[in-house]
Structures are given as structure tokens and as C-alpha cells.
Amino acid sequence: MIIDSHVHIFPEKIKQDRSGYFDNEPEFKLLYNSPKAAICNINDLIESMDTYQVDISVICGFPWRNPEFTKKNNDVIIESVQKYPGRIKGLACFDAAWDGAPDETRRCIDAGLCGAGELAFYLSGIDKKALTFLDPVMAVLRDKGNLPCMIHTNEPVGHKYPGKTPVTLEQIYTLAKTFPDNKIILAHWGGGIFLYNILKKETKTTLKNIWYDTAASPFLYDPQIYDIAADAGVADKVLFGTDFPLLAPDRYYTDIDNSGINIQQKKQILGENAALLYG
């Protein structure tokens, strides 16, 4: 089974013309101002899933500042889950700083979504204020059965690119310590923090409820990232995620095949880990 745990879907209107959605949305403009930045709908995703033999996708929208945009995008996620119940799962997405975020989380979960994400702090990093914003959302997720929350992270060094946030490893680690009872998925390999799972003290406990997805990995890391994750003892916490439509699944399949992980570890990463996490 192949489960893509990180996919973005937008309403058809935004796919057809994104230009009317840039005002007062600096994060959306940062990522999608370029016409090369693909925007897709659920039909595009299903076609891609069929092409690349993906059984299930976990989809989300965008963390809009405008509550109206947020609800419309989440409604598309809900409708997609209802239309393809065997193939699509969905996450509630929003700006965590919005005071309506906890209620939107509840609304979406009650409508059939299975968690929250991809929540992002593109301009600030995951600072103390961000943790304060996340607190009521995390409480809702715990109350609703301890559902997962996917949070945007990235490596704090290296080349710059749209969407690379000023996050630090210390901020990511503090996130894990602040919400020890929540299931948290760190997008984009968690900025590499999984490497510290090999420390002898504290980190294994602090990171016990943390998962890491592979989104954008072919752009960021050599295939040996999979071997390093296995050596660090987190092969059971890695989730295959493409960040579709950023990259097609076959780019990831190639990297996984070019790594040195064994067949069981490949099965875990490609789907078994996500199946256990999402039930």
C-alpha cells in the first residue's frame, strides 16, 4: 500500500486564476506568485494517484489569513473526502493565529477530516507566539481522539527558496516539548531534527510522538537521507509525502530505490507508518 501523506488541493477558482488571492496574503504570494508554482484540484490528484499507483492521499489546503478563503478551501477538502472515501483523507488547514482556528478544527473534524495541517509560520518561524497560537488547536486535536497535526518545518541552513522559514532546531525541539501528548508530523524531514534521536539522553522521549514526512526531499536531500533515518532508529516514523503538485511520486520512488534501506523499511515509509498513524 502506498499512502501519500502530504498533498495540497485548491478550489477550482484559484486554480483557474490565482491573481485575486494575493492581497493581504503574503504567505500565499510568497509560494504561488510564480506561474511555475503548480496549483491543482482533486481531479488532478486522482489522475496522478492512478498514474503512480498511490492508494490513499492525505490532502490539505493552505493556511490562509482570510477566514473566508480558509473555509472555502477546507470545504473542498471535506467534499473530496466525501467523494472518494476509500482514497482520500483530509486535514483542516488554517492560519493558527486566527482566533477561529479551534472552532474550524472542530468543524472540519466533525465533517470527517482526520487532523490538522499543514500549519505553517512562514514569516516568523515557530516562535513563542506561534506556540501560543497552536495551544488551543492542539487541545482540540487531543479531545477529538489525539488526531495528528502536520506542521511546516525546514532545514535551518543551506540554500534559500520560497517557503523556507526562519525556523531553528531549537524551536522545533521546543514545539515537541510543549505538546508532548500530541501526535505531530514535521513536514520536510523535520529540518533534520530526527538525527538527534541518537542522543543518549532526553531526545528519544521528547521526540516519541513526532513523525517526519519526505515532502520535497528530492529537491533537498540525497537519497542517503533514508539510510540516515533508518540508522537513527526512526524508519517507523517516516511518512511518504510528495507535497503534490510540487513533485510527482516517481521522483521519490527513485530516491527510495537508490537508498540502502531494506524492503520492510520501504514498506513502512511508503504506507505502513501512515496507515498506523491515521488508523
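Bear in mind that the values in this text are calculations on the coordinates, not laboratory data. All of these numbers come straight from a predicted model, not from anything done at the bench. Here Cβ is always computed from backbone atoms with ideal geometry, including for glycine, and neighbour counts include all displayed protein chains.
Worth pointing out:
- Most mobile listed residue (192, 241, 86) in the chain, GNM with C-alpha springs under 10 Å: 86
- Qualifying lysines (Cα of each under 20 Å from Cα of residue 200; at least 8 residues distant if same chain): 177, 208, 237
- Model label sites at residue 142 and residue 43, defined 7 Å from Cα along the beta-carbon direction, differ in position by 4.4 nm.
- Distance-filtered residues of region 156-197 - backbone nitrogen under 18 Å, label point 7 angstrom along residue 208 Cα→Cβ: 173-185, 194, 196-197
- A straight line joining the Cα centroids of region 132-191 and region 32-52 runs 25 Å.
- Entry note, the chain: the mean residue ellipticity at 222 nm calculated from DSSP H runs of n ≥ 4, each adding -39500 (n - 2.57), is -11000 deg cm²/dmol after division by the residues and rounding to the nearest 500.
- Relative frequency of Cα-Cα separations exceeding 34 Å in the chain, percent: 11
- Prolate/oblate/rounded call for region 60-137, Cα gyration tensor, a/c under 1.5 rounded: prolate
- Panel order for 64, 98, 189, by other beta carbons found within 10 Å of each beta carbon, from fewest to most: 98, 64, 189.
- Positive dipole terminus of the chain, leading residue within 279, 138, 258 (C-beta point charges): 138
- Percent of Cα-Cα distances greater than 12 Å, calculated over region 29-82: 71
- Ranking 233, 162, 77 by how far each Cα lies toward the positive end of the dipole of region 3-278 (charges on Cβ) leaves 233 at the top.
- Cross-link pairs beyond the 20 Å C-alpha cut-off, checked among 29/160; 72/183; 13/72; 183/204: 72/183
- Among 161, 252, 21: highest mean-square fluctuation, GNM of the chain, C-alpha pairs under 10 Å: 161
- Magnitude of the charge dipole for region 139-240, about its Cα centre and with charges confined to Cβ atoms of Lys, Arg (+1) and Asp, Glu (-1), is about 300 debye.
- Placing unit charges on the Cβ atoms only, positive for Lys and Arg and negative for Asp and Glu, gives the chain a dipole magnitude near 480 debye about its Cα centre.
- R0 of 35 Å, Cβ-Cβ distance residue 174-residue 103: FRET efficiency to nearest 0.05: 0.85
- For 196, 212, order by how many other beta-carbon atoms lie within 10 Å, fewest first: 196, 212
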